[in-house]
Amino acid sequence: MPLLKRDGAISDDSWITLGDEDDVPAVGDVIVPHARLPLTVPGRLGLSLPNDLDVSTLGPEISQVCLIVLTFPSFADGRAYSQARALRNTVSYEGELRASGHLLPDQLAFMVEVGFDSFDLQTDRFPVERWTQALEDVTLTYHRHLSRPGQSPIITARHAG
Amino acid sequence: MYRYDEFDQAFVDQRVEQFRSQTSRRLSGELTEEEFKPLRLMNGLYLQLHGYMLRVAIPYGTLSAVQMRALAEISEKYDKGYGHFTTRQNIQFNWPKLEDTPDLLADLAKVEMHAIQTSGNCIRNVTADHWAGVAADELADPRPVAELIRQWSSLHPEFSFLPRKFKVAVTGAPADRAAVKLHDIGLRLHLNEAGERGWEVIVGGGQGRTPMVGVTVRDFLPEEELLGYLEAIMRVYNLFGRRDNKYKARIKILIHETGAEEFSRLVEEEYARAPRPSVEIERKELDRISAYFAPPAYESLSAVEPELERRKLEDPEFARWVRTNVGAHRVAGYGIVNISLKPIGGIPGDATAEQMRTIADLAERFSHAEIRVSHHQNLVLPDVKLADLYDLWTVLAVNGMGEANIGLLGDIISCPGLDYCALATARSIPIAQSISRQFSDPQRLEEIGPLRVNISGCINACGHHHVGHIGILGLEKKGKEFYQVTLGGHSGTDASIGGVLGKGFSEDEIAGAVETIVDTYLDIREDGESFLDCVRRAGTPPFKEALYAPA
């Protein structure tokens, strides 16, 4: 599955996703379920979280994590938006945050605002240009704690100076 | 009233273009109906029984004469020349074509209006006391806070895919005209001894299948903390609200199942945990918004207007309309004019393009060009000089809007029902019409006194039957519609949910059943006792006896 970064870049996903039982490979970056932590891996460590997990309960084990993947089982299930915000704001997680599952291009702007950096694309459903274009559709936001890098939220712009 | 600055305008314009692209992708087949659905719902576009319906947001029920005129034009350009004012202070158009809706939204944007979040599982258009800013009993105008909430909730990235829809209502007055205890979040203003503002936060009220009166989680939340605290509530709801069953997905069910105390603890914990940014900008923003709601330049007038008194003596019909339809204004010599959209035998809340233009003209002539929509599906001209009432009433009367029935039995709330709605199980408009005809004598209505009849065409309760003094719920059994009656509901400060009386009635019987209930009340009421007070005192037995006892 191609990967979209929030700056619009498209790349191949180099991470290897492991299930509960899969062996850790000799080389490469791996994504594992939360229950497998702590874990020694050859490359970088990524963590995959279900959307009903209370992220405020995450402990120091995530300090070794470089990537967290949050899941959207359906585009209509919005729990991962709040998980993302909690990871950024209350857990102060600063690594890469990725959205995976049933995503719609029209949701990307929201996802960027709450702190996602990358997206697993379903290119079988929508052409790549639709995804990259979607990042530009709505550039204005009223939410001052939630703007994208380089973007000024309305309320701050209004009261600047 | 509030005016868009360049940011608000650009925001809405971008949104129109985004929807234009989404619509063309649906029309080309790139988007499936399932995928298009949440996108169109975020822009107020429903698929109904006979076609698409577009619901336009009227934030906190306030609009200008210019906006009302634009709505009239839209109703002629894209619809059949009328619109329907709803119990959420919005207006809906029943007949737009899908391919026309982007242009319709662009026309709305030209007059600073939109349809964002009038549907879908997001924070809906915020509602407020329709007498905000002018009511004699009000502590302060709640609309600056409502506008702050409107902006904060517009395309909120975290809260646009909630378990279910989410409704917020605000009031700045002790007498609750905004039904704040019957919303997902209700906010009521209080002042402390130092005169500082704080908001009572009421959570988990609502109607629908499981009607509940909300619980207070904060008695006095400092105004600057409002948005931060709302976010904490929303986050707890978004993370823990049920998603396995859409009928159990509203926040009231979460509160009911977790317990109010535990829910409140979760919110406080989340609020304490979230970073507390400086509130300085919120204060500045509130001040900026508040300036738009500064009171107009009122003339210094006497509280008693001799010309009005003379007209009332001459014309008893006019005198009755003044008694029933004009509310107490906080400035001497002015009145709050409530325009009934409930003509005898008419469709509650409907207005033709011609009527909308008439209202716009009257607002410009008599009421600082401002109009309100009430959740009772009526319109309000908030700032009318008592000396102008007669001229105003004359114009209303010849345009089919002079009915003297505000708050009385003829002022029926009704959802669109099976005539339009895909969810309905029974028709509700014809029931409203037959009851309205049955009680067409204005003198009798006034003798009966305050009495709210609310009609819903299914258990989702858009017609607010749970809080009708007499509530009517349309159901269906084996292909036949029938109507269940509840008594004793109320949406005011002492809100209550009505209790079911007994076996339902057929379409032909229902107006007669209301008649029997009213006759029973007139029989047993004590001196000066309103219908609601009478039901609360006597309970349902005398009414059941009259309705169901064998003859």
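The values are calculated or read from the model by the stated rules, or taken from the named source; none is laboratory data. What you see is a predicted model; the values in this text were computed from it and never measured. Cβ coordinates were reconstructed from backbone atoms using ideal geometry, including for glycine residues, and neighbour counts include every protein chain displayed. Please note that ligands, DNA and RNA were not included when accessible areas were found on the heavy atoms of the full protein model with its side chains. Shrake-Rupley method; radii C 1.70, N 1.55, O 1.52, S 1.80 Å.
How big is the charge dipole of the stretch A:1-115 about its Cα centre, in debye rounded to the nearest 20, if each Lys and Arg gets +1 on its Cβ and each Asp and Glu gets -1 on its Cβ?
That gives the stretch A:1-115 a dipole magnitude of about 320 debye.
As a test of the definition: with a 1.4 Å probe, what buried accessible area, both sides summed, do you compute for B against A, in Å² to the nearest 100?
Chain pair B/A: roughly 3900 Å² of buried accessible area.
Can you pull the accessible area of residue A:92 for me, 1.4 Å probe, Å² to the nearest 10?
70
Eigenvalues of the Cα gyration tensor times 5, then square-rooted: what semi-axes does that give for the stretch B:413-548, in whole angstrom, largest first?
Those come to 24, 15, 14 Å.
Kindly express, to the nearest 10 degrees and within the range 0 to 90, the angle between helix A:79-89's C-alpha long axis and the longest C-alpha principal axis of chain A.
The helix A:79-89 is inclined about 90 degrees to chain A.
Give the Rg (one decimal place) followed by the Dmax (whole number) of chain B, computed from C-alpha coordinates and expressed in Å.
Every Cα atom of chain B included, Rg and Dmax give 22.9, 71 Å.
Based on DSSP H runs of at least 4 residues, each adding -39500 (n - 2.57), what is the mean residue ellipticity at 222 nm of chain B after dividing by all its residues, to the nearest 500 deg cm²/dmol?
Calculated from helices alone, the mean residue ellipticity at 222 nm is -12000 deg cm²/dmol.
Tell me which of B:84, B:254, B:405 sits at the most positive position along the dipole axis of chain B, charges placed on C-beta atoms (Lys, Arg +1; Asp, Glu -1).
B:254
Out of the total accessible area of the protein assembly as shown (probe 1.4 Å, heavy atoms of protein only), what percent is carbon and sulfur?
Solvent-exposed carbon and sulfur of the protein assembly as shown make up 51 percent of the total.
From the protein chains alone at 1.4 Å, what is the descending order of accessible area for A:16, B:412, largest first?
Accessible-area ranking of A:16, B:412, largest first: A:16, B:412.
With a/c under 1.5 counting as rounded, go ahead and sort the stretch B:457-531 into rounded, prolate or oblate using the C-alpha gyration tensor (a ≥ b ≥ c being the square roots of the eigenvalues; past the cut-off, prolate if a/b is larger than b/c, else oblate).
Note, shape of the stretch B:457-531 comes out oblate.
May I ask you to derive the FRET efficiency for residue B:276 and residue A:53 from their Cβ-Cβ distance with R0 = 30 Å, giving the value to the nearest 0.05?
According to the calculation, E is roughly 0.75.
I need the Debye-formula profile for the protein assembly as shown: one equal scatterer per C-alpha, no solvent, reported as log10 I(q)/I(0) at q = 0.06, 0.09, 0.10, 0.12 1/Å, two decimals.
So the normalised log intensities are -0.37, -0.82, -1.00, -1.38.
Residue A:61: accessible area at probe 1.4 Å, nearest 10 Å²?
About 50 Å², rounded to the nearest 10.
Within the set of other residues whose C-beta is less than 10 Å from the C-beta of residue B:418, count the net charge using Lys and Arg as +1 and Asp and Glu as -1.
Spelling it out: positives minus negatives among the neighbours equals -2.
Once the Cα gyration tensor of the stretch A:2-158 is found, what semi-axes does its equivalent ellipsoid get, as square roots of 5 times the eigenvalues, in whole Å, sorted largest first?
They are 27, 19, 14 Å, listed largest first.
DSSP beta bridges in chain A, what fraction antiparallel, as a percent rounded to 5?
So the antiparallel bridges in chain A amount to around 25 percent.
What number, in nm² with one decimal, is the all-direction average of the projected area of the convex hull of the alpha-carbon atoms of the stretch B:429-482?
In nm², the orientation-averaged hull projection of the stretch B:429-482 is 4.1.
In Å, what Kirkwood hydrodynamic radius results for the stretch B:298-392 from the alpha-carbon pair distances?
13.9
Between residue B:536 and residue B:391, what length comes free when the chain is fully extended (0.36 nm per residue of separation minus the Cα-Cα distance, one decimal in nm)?
48.2 nm
Only four residue types carry charge here, +1 at the Cβ of Lys and Arg and -1 at the Cβ of Asp and Glu. Report the dipole size of chain B about the Cα centre in Debye, rounded to the nearest 20.
For this selection, approximately 1660 debye.
For the pairs B:181/B:478; B:110/B:385; B:477/B:544; B:480/B:544, note any where the Cα-Cα span goes beyond 28 Å.
Table pairs above 28 Å Cα-Cα are B:181/B:478; B:110/B:385.
From the residues A:107, B:52, B:215, which one has its Cα farthest along the dipole of the protein assembly as shown in the positive direction, the dipole being from +1 and -1 charges on Cβ of Lys/Arg and Asp/Glu about the Cα centre?
Towards the positive end, the residue furthest out is B:52.
At a 1.4 Å probe radius, which order do B:129, A:54, A:20 fall into by accessible area, largest first?
From most accessible down to least: A:20, A:54, B:129.
What's the local net charge at residue B:429, with K and R +1, D and E -1, over the other residues with C-beta under 11 Å away?
Net charge in that neighbourhood comes out at -1.
Given a Förster distance of 25 Å, report the FRET efficiency between residue B:194 and residue B:330 from their Cβ-Cβ distance, rounded to the nearest 0.05.
E between residue B:194 and residue B:330, to the nearest 0.05, is 0.65.
Could you compute the net charge surrounding residue B:386? Neighbours are other residues with a C-beta less than 14 Å from the C-beta of residue B:386; K and R count +1, D and E count -1.
-1
Binning every alpha carbon pair distance of the stretch B:6-110 at 5 Å from zero, what are the percents per bin?
2, 12, 22, 26, 20, 12, 4, 1, 0
For the stretch B:270-343, state which chymotrypsin sites (Phe, Trp or Tyr not before Pro) are in a DSSP loop and have at most 10 other beta carbons lying within 10 Å of their beta carbon.
none
Please work out how much accessible surface residue B:167 shows to a 1.4 Å probe, ignoring ligands, DNA and RNA, in Å² rounded to 10.
40
Determine the shielding of peptide A:80-86 by partner chains: average, over its residues, the number of Cβ atoms on other chains within 10 angstrom of each Cβ.
Across A:80-86, the average partner-chain Cβ count within 10 Å equals 6.
Might you tell me the accessible area per residue for the protein assembly as shown, computed with a 1.4 Å probe and given in Å²?
38
Say the dipole of the stretch B:219-329 comes from +1 at the beta carbon of Lys and Arg and -1 at that of Asp and Glu; which of B:296, B:316, B:245 then lies farthest toward its positive end?
Checked the options; the winner is B:245.
Given charges of +1 on the Cβ of Lys and Arg and -1 on the Cβ of Asp and Glu, with all other atoms neutral, how large is the dipole of the protein assembly as shown about its Cα centre, in debye to the nearest 20?
780
Please arrange B:188, B:536, B:69 by accessible surface area, largest first, computed with a 1.4 Å probe and ligands excluded.
I get B:536, B:69, B:188, largest accessible area first.
Tell me the label-point distance for the pair residue A:37, residue B:549, using the 7 Å Cα-to-Cβ offset, in nm and rounded to one decimal.
Once both label points are built, they end up 7.2 nm from each other.
Would you work out if the stretch B:197-238 is rounded, prolate or oblate? Take a ≥ b ≥ c from the square roots of the eigenvalues of the alpha-carbon gyration tensor; rounded if a/c is under 1.5, else prolate when a/b is larger than b/c, oblate otherwise.
Oblate.
Tell me the label-point distance for the pair residue A:26, residue A:7, using the 7 Å Cα-to-Cβ offset, in nm and rounded to one decimal.
Each label point lies 7 Å from its Cα, and together they span 3.4 nm.
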